[in-house]
Amino acid sequence: MVEKSIKDKREVVRDLLKKLMIKMPENPVAVPQHVRGFGTIIINTEECLSCGACLHICISQAMSIERIFDMETLRKQASNPHYQNRLILLRFIEKLGNVSNETRFNVPAGLICFGKHQLNLKDCVFCEDCIEICPFKAITSERLLDLKEYLD
Ligand code: SF4
Ligand code: SF4
């Protein structure tokens, strides 16, 4: 399987860089066009509705959704005209009392499409399948790699 072999190669490169103990650059480095398997996937939390489609397509299990939510994200998503359910929930919570942007809450069992999207850069083989599958165009990519995060 192609992605599996890319994953193996990534591990080899990772181990090699660690053994060489090169001082890693502070800023992300550009990934040459011909190099496969490296890059950065970006989840736009304002657009992501935590539908889970990208989790299911990801061959590397690099993605997860934490069952927590915060008011800052909810407020950003509620300003998106496509996500009316967020606006209704925001209005409801605001009626309950004062809540700050930092307020976080656990997503109740049974409530789907809420949560905090997480990506583990170390496991991602940059196949970009998640970008294709996302129905809300919430995922983008760039041909940059943060070596410090990757080797951490
Ligand atoms: S497919 Fe898109 S909307 Fe669904 S969880 Fe992934 S990033 Fe979010
Ligand atoms: S690009 Fe997306 S689908 Fe592919 S390994 Fe990375 S997170 Fe998973």
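Nothing in this text is a laboratory measurement; each read-out follows from the coordinates by a stated rule. It should be emphasised that the depicted structure is a prediction, and the values quoted were computed from it without experimental measurement. Every residue, glycine as well, gets a Cβ built from its backbone with ideal geometry; the counts of neighbours run over all protein chains shown.
Report, in cubic angstrom per residue, the convex hull volume of the C-alpha atoms of the chain.
For the chain, the hull spanned by Cα atoms encloses 137 Å³ per residue.
Can you give the Rg and Dmax of segment 13-87 based on its C-alpha atoms, in angstrom?
Here Rg and the maximum Cα pair distance are 17.7, 52 Å.
Just order 47-54, 134-141 by mean Cβ neighbour count inside 10 Å, highest at the front, would you?
Put in order of decreasing packing, that is 47-54, 134-141.
Once you've got the Cα coordinates, tell me which of 19/116; 19/148; 76/122; 23/122; 23/76; 116/137 are over 26 Å apart.
Among 19/116; 19/148; 76/122; 23/122; 23/76; 116/137, the Cα-Cα distance tops 26 Å for 19/116; 76/122; 23/76.
If I measure Cβ to Cβ between cysteines in the chain, which ones have no partner under 4.7 Å?
For the chain, the answer is 48, 51, 58, 113, 124, 127, 134, because their Cβ atoms have no other cysteine Cβ under 4.7 Å.
Which whole-number percent is the relative contact order of the chain (Cα, under 8 Å, 6+ apart)?
Result for the chain is 42 percent.
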